[in-house]
1. Quick one: in region A:67-96, of everything that is outside any strand (DSSP E or B) and either of a type in the set (A, V, I, L, M) or facing chain B (nearest Cβ under 9 Å) (or both), which residue is least open to solvent (accessible area, probe 1.4 Å)?
2. Among the residues of region B:48-97, write down those that are within 11 Å of chain A (Cβ to nearest Cβ), β-branched (Val, Ile, Thr) and farther than 13 Å from B:Tyr35 by Cβ.
3. Can you name the residue in region A:2-39 that is at the interface with chain B (Cβ under 9 Å from one of its Cβ atoms) and farther than 17 Å from B:Ser97 by Cα and is also surrounded by the most Cβ atoms within 10 Å (Cβ to Cβ) among such residues?
4. Name the residues in region A:40-57 that are within 13 Å of another protein chain (Cβ to nearest Cβ) and either surrounded by fewer than 16 Cβ atoms within 10 Å (Cβ to Cβ) or under 14 Å from the mean Cα position of the chain (by Cα) (or both), would you?
5. So which of B:Ser67, B:Ser93, B:Ser75 is surrounded by 14 or more Cβ atoms within 10 Å (Cβ to Cβ), in contact with a His (Cβ under 8 Å, 6 or more places away or on another chain) and not in a loop (DSSP other than H, G, I, E, B)?
6. Restricting the search to region B:19-46, which residues are part of a strand (DSSP E or B) and within 10 Å of chain A (Cβ to nearest Cβ)?
7. If you check B:Arg44 against the conditions, is it surrounded by 14 or more Cβ atoms within 10 Å (Cβ to Cβ), among the charged types (D, E, K, R) and farther than 22 Å from A:Gln100 by Cα?
Amino acid sequence: QQKVQQSPESLIVPEGAMTSLNCTFSDSASQYFAWYRQHSGKAPKALMSIFSNGEKEEGRFTIHLNKASLHFSLHIRDSQPSDSALYLCAVSYASSGSWQLIFGSGTQLTVMP
Amino acid sequence: GGIITQTPKFLIGQEGQKLTLKCQQNFNHDTMYWYRQDSGKGLRLIYYSITENDLQKGDLSEGYDASREKKSSFSLTVTSAQKNEMAVFLCASSISSQNTLYFGAGTRLSVL
């Protein structure tokens with residue numbers, strides 16, 4: 001059974017700071033790793049995803065994946081107040097011949113102006 | 001672009017009542033999901049479906065039924081609403097289980 005855990009639970013950073021969010025998973029057979037962002041009262045929306053070990057950058061956002069250490073992370077450069085949201089990591093998990101997506105419990109990020 | 005429509009937006013039920021939530025997507029996606037989100041928390045998988053008439057249980061399936069009679073629609077039934085239960089139920093769809101999920105706006109459930 002896949003276990004997905006996020007840290008920290010909540011984070012407050014000043015505007016312009018580098019923010020780092022962490023996610024650990026338990027099933028090394030997982031193939032798909034993603035970050036979603038959910039603003040208050042809204043639906044979650046996909047930010048970035050990665051399939052293989054390494055790093056992927058899109059604008060101010062960078063995702064790192066290390067399958068051997070069962071860890072992936074999201075880094076936000078030059079954090080903005082509009083980045084304040086609940087961040088959810090998601091990992092694929094094979095069950096009964098099909099893949100399902102398991103989410104972590106989230107990190108609540110607040111960026112102070 | 002496509003859209004996922006969840007109905008109703010708000011649902012107030014009585015303890016023990018059977019309640020049905022509906023979800024429609026026009027992405028033509030094969031895979032659809034139902035997740036539950038308690039206030040400010042992560043998403044817990046209730047049911048998913050990889051194609052029409054397919055149903056797969058998630059970790060939270062007890063107390064729920066689901067139905068996927070058409071590719072475009074996926075419904076969820078709370079078989080017996082629990083008193084003081086409050087949660088948001090989110091429907092999502094994707095091309096496959098290892099691709100981006102697109103979420104609906106959610107159904108907010110309150111049980112009196």
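1. Residue satisfying both the conditions and the ranking: A:Leu70.
2. B:Ile50, B:Thr51
3. Only one residue tops the list, namely A:Gln38.
4. Those that are within 13 Å of another protein chain (Cβ to nearest Cβ) and either surrounded by fewer than 16 Cβ atoms within 10 Å (Cβ to Cβ) or under 14 Å from the mean Cα position of the chain (by Cα) (or both): A:Ser40, A:Gly41, A:Lys42, A:Pro44, A:Lys45, A:Ala46, A:Leu47, A:Met48, A:Ser49, A:Ile50, A:Phe51, A:Ser52.
5. After applying the criteria, what remains is B:Ser93.
6. B:Thr31, B:Tyr33, B:Tyr35, B:Gln37, B:Leu43, B:Arg44, B:Leu45
7. So B:Arg44 does not fit the description; no.
Residues checked against (1) over 10 Å from the mean Cα position of the chain (by Cα); (2) at pLDDT below 95; (3) under 19 Å from A:Ser79 (Cα atoms):
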position: A:Ser10; (1), (2), (3): yes, no, yes
position: A:Glu15; (1), (2), (3): yes, no, yes
position: A:Phe25; (1), (2), (3): yes, no, no
position: A:Gln31; (1), (2), (3): yes, yes, no
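The values are calculated or read from the model by the stated rules, or taken from the named source; none is laboratory data. None of the values given here were measured: they were computed from a predicted structure. All Cβ positions, glycine included, derive from the backbone under ideal geometry; neighbour counts span all protein chains shown. Protein only, heavy atoms only, side chains kept; ligands, DNA and RNA dropped before computing areas. Shrake-Rupley method; radii C 1.70, N 1.55, O 1.52, S 1.80 Å.
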